[in-house]
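Presented below is the structure to which this report refers.
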Amino acid sequence: MSARIWSILLCLWVIYTLFDVTRGWKKIPRMSLGIPHTKSQRNYSTHFYKQQIDHFSFGNQSTYLMRYLVSDQHWNRTGGPIFFYTGNEGDITLFCENTGFMWDIAPEFKAMLVFAEHRYYGESLPFGNASYLPKNMGFLSSEQALADFATLITYLKSTIDGAADSPVFSFGGSYGGMLSAWFRMKYPHIVVGALAASAPIWQFTGLTPCHTYSQIVTKDFSNTSSSCAESIRKSWKAINQLGSSGTCRTMLGMRRLRLGILREGNENYMFREFMSFQGTSLELNHALI
């Protein structure tokens with residue numbers, strides 16, 4: 001199939017992804033790169049905690065409001081556990097409303113559920129609209145995030161009646177799973193156990209080759225269908241062409257929609273990332289080695 005036909009099909013597919021015929025253009029949450037957000041029947045309340053911007057300096061006493069969600073409808077207030085979700089790179093409501101396991105087991109264990117938002121994501125912005133300026137990004141780290149979680153749990157256990165002796169178990173997936181595992185290791189006096197799902201704790205330079213994940217994904221698709229893997233491989237040429245031109249952006253009206261997906265100078269990279277988040281058929285790394 002020619003690159004031109006691929007380009008047309010991809011443009012039409014992106015438009016279909018972003019447009020709901022009944023309600024018009026879909027709103028994509030900040031920093032979510034288009035992860036679908038479907039309002040569920042989850043029953044939770046939203047709260048904010050005044051958090052230290054820097055947990056490791058006596059000279060910086062600045063604070064910000066950290067968002068967290070709580071569901072206590074099944075909680076046994078006389079010792080029931082607290083299941084704590086270590087929020088990762090995204091709006092915490094997305095994870096809360098699309099997470100099944102914690103909600104499934106909460107009634108059985110009579111647990112309170114707490115979903116904590118990772119700093120610099122969603123509404124937990126240490127410097128508001130200026131949070132992403134280079135000069136303000138120095139406080140975005142896993143160490144600071146873990147300290148946020150530890151401080152929040154300490155606060156909750158000291159202010160919620162019946163929670164003082166509740167054991168805390170952390171849950172997380174992917175980067176959130178890494179945080180969950182590290183949370184248990186670094187703060188064993190705060191959490192008694194951790195579930196780290198799909199946590200690439202060895203995925204660091206010098207420990208694991210950068211393209212290992214891409215090779216695994218490629219192998220999975222190739223084992224299912226060699227033609228499928230080859231089609232995906234060919235599609236990246238068309239995606240690169242789309243990302244480097246203004247054609248698709250003009251069709252989508254991205255500037256008018258303020259999606260912030262494509263920026264001058266990194267169009268190819270941002271467009272590939274955007275496409276990768278748009279559905280299972282494109283969770284196919286562009287490397288495909």
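The values are calculated or read from the model by the stated rules, or taken from the named source; none is laboratory data. All figures in this text were calculated on a predicted structure; none of them were measured in a lab. Neighbour counts run over all protein chains shown; Cβ positions are idealised from the backbone, glycine included. Calculation scope for accessible area: heavy atoms of the full protein, side chains included, ligands and nucleic acids excluded. Shrake-Rupley method; radii C 1.70, N 1.55, O 1.52, S 1.80 Å.
Between their Cα atoms, which of Lys110/Lys186; Lys135/Lys237; Lys186/Lys219 are more than 28 Å away from each other?
Lys135/Lys237; Lys186/Lys219
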**Report entry** Virtual spin-label span in nm between Asp104 and Lys219, 7 Å along Cα→Cβ
**Finding:** 2.7
Requested in this report: Multiply the residue separation of Ser231 and Val192 by 0.36 nm, subtract the distance between their alpha-carbon atoms, and state the gained length in nm to one decimal.
Outcome: 9.3 nm
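Pop out the carbon and sulfur fraction of the accessible area of region 79-180 as a percent, whole number, probe 1.4 Å. All intermediate terms of the calculation are to be shown ahead of the outcome.
On the way: 2050 of 3640 Å².
Ligands and nucleic acids excluded, carbon and sulfur reach 56 percent.
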**Report entry** In nm, spacing of pseudo-spin labels at Leu207 and Leu140 (7 Å Cα→C-beta vector)
**Finding:** 2.1
Requested in this report: Work out from phi, with θ = phi - 60° and the Karplus expression 6.51 cos²θ - 1.76 cosθ + 1.60, the ³J(HN,Hα) of each residue of region 167-179, listed in order in whole Hz, and give x for Gly and Pro.
Outcome: x, 10, 10, 9, 10, x, x, 6, 4, x, x, 4, 4
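Report the calculated FRET efficiency for Phe58 and Met185 (r = Cβ-Cβ distance, R0 = 25 Å), to the nearest 0.05.
Values: r = 25 Å, r/R0 = 1.00.
Rounded to the nearest 0.05, the efficiency is 0.50.
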**Report entry** Highest-first arrangement of 99-112, 75-88, 49-62, where packing means the average Cβ count within 10 Å
**Finding:** 75-88, 99-112, 49-62
Query - Accessible area in square angstrom per residue, region 68-188, 1.4 angstrom probe - result: 39
